[in-house]
Amino acid sequence: MALILLVLIFAAALAAAFFYVSKIISTPPLGRAEDYLKTKEHENKKIIACIGDSLTHGNIGQSWVDYLREEFPNYVFLNEGINGNTAWQVLQRLDPILECKPDLIILMIGTNDALGSFDMNSGLRYKKNNNLPEVPSLKKYKEQLPELIDKIATQSKVAICTLPPIGENMDSEVNKHVNEFNDYIELVATQKKISLLAVSDALSSDIDSR
């Protein structure tokens, strides 16, 4: 009887933890474009839109957007990072961001495209969980990234970030796969004549130094 009770308590705690984490993940970031359009409290300030996935969202880790807000209080930073997003999903939600007429857009997107195209099981899971029209792939990313940049560069300056490594083993198969995406990001930055922020190189150097 005591064992059954213990199992039930453990199951209830596990369920509560799952729902708590799920709620955190699904909570949108503060200071999105939609929030700015409703209030427009800082109309005279320059606007910087930070677009990406969970790495930008920051609610399950450190938020680099919040660091920028603290460092540069005279700017408006829109946090447009959404957990789990792929490049295709960002394309679907651009309208309110562009309506804010940001002076600069910082784009870091592709980690979920890379993870979702690393193996078939991951791809099918990303397609189902994110309601994607197809399984993520490097081929589709090569179609979507230039389209995304063309749309946001019509009215704003753009800086694009390379993708950070997955874990600390730079020679792992998944990081070799991520590097294919980064090679393409660097190529597109050159072709489109936009600024490149070498996040991958900076983090790799930091890992090597340790």
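Since every read-out is calculated from the coordinates, none of them should be taken as a lab result. Keep in mind the model is a prediction, meaning the values are calculated, not measured. In this analysis, Cβ positions are derived from the backbone assuming ideal geometry, glycine residues included, and neighbour counts consider all displayed protein chains.
Mean separation of Cα pairs under 8 Å and 6 or more residues apart, divided by the residue count, gives the stretch 62-210 a relative contact order of 23 percent. Only sites in a loop by DSSP and with at most 16 other Cβ atoms within 10 Å count here; which trypsin sites (Lys or Arg not before Pro) in the stretch 152-199 make the cut? Counting only loop positions with at most 16 other Cβ atoms within 10 Å, the trypsin sites (Lys or Arg not before Pro) in the stretch 152-199 are 193.
Within the stretch 105-170, the GluC sites (Glu not before Pro) that combine a DSSP coil assignment with at most 10 other C-beta atoms in a 10 angstrom radius are 134.
The string of couplings for the stretch 124-135 from the Karplus curve (6.51, -1.76, 1.60, θ = phi - 60°) is 5, 5, 5, 4, 6, 5, 9, 6, 7, x, 7, 5 Hz, one whole number per residue in order, with x for Gly and Pro. Applied to the stretch 186-194, the Karplus parametrisation 6.51 cos²θ - 1.76 cosθ + 1.60 on θ = phi - 60° returns per-residue 3J(HN,Hα) values of 5, 5, 5, 4, 5, 5, 8, 6, 10 Hz, with x for Gly and Pro. In this rough spin-label picture, where each label sits 7 Å from Cα along the Cβ direction, the residue 120-residue 169 distance is 2.3 nm.
Do any chymotrypsin sites (Phe, Trp or Tyr not before Pro) in the stretch 102-151 lie in a DSSP loop with no more than 10 other beta carbon atoms within 10 Å, and if so, which? Sparse-neighbourhood loop chymotrypsin sites (Phe, Trp or Tyr not before Pro): none present. Averaging the sequence gap over all C-alpha pairs within less than 8 Å and six or more residues apart, then dividing by the number of residues, gives the stretch 28-144 a relative contact order of 28 percent.
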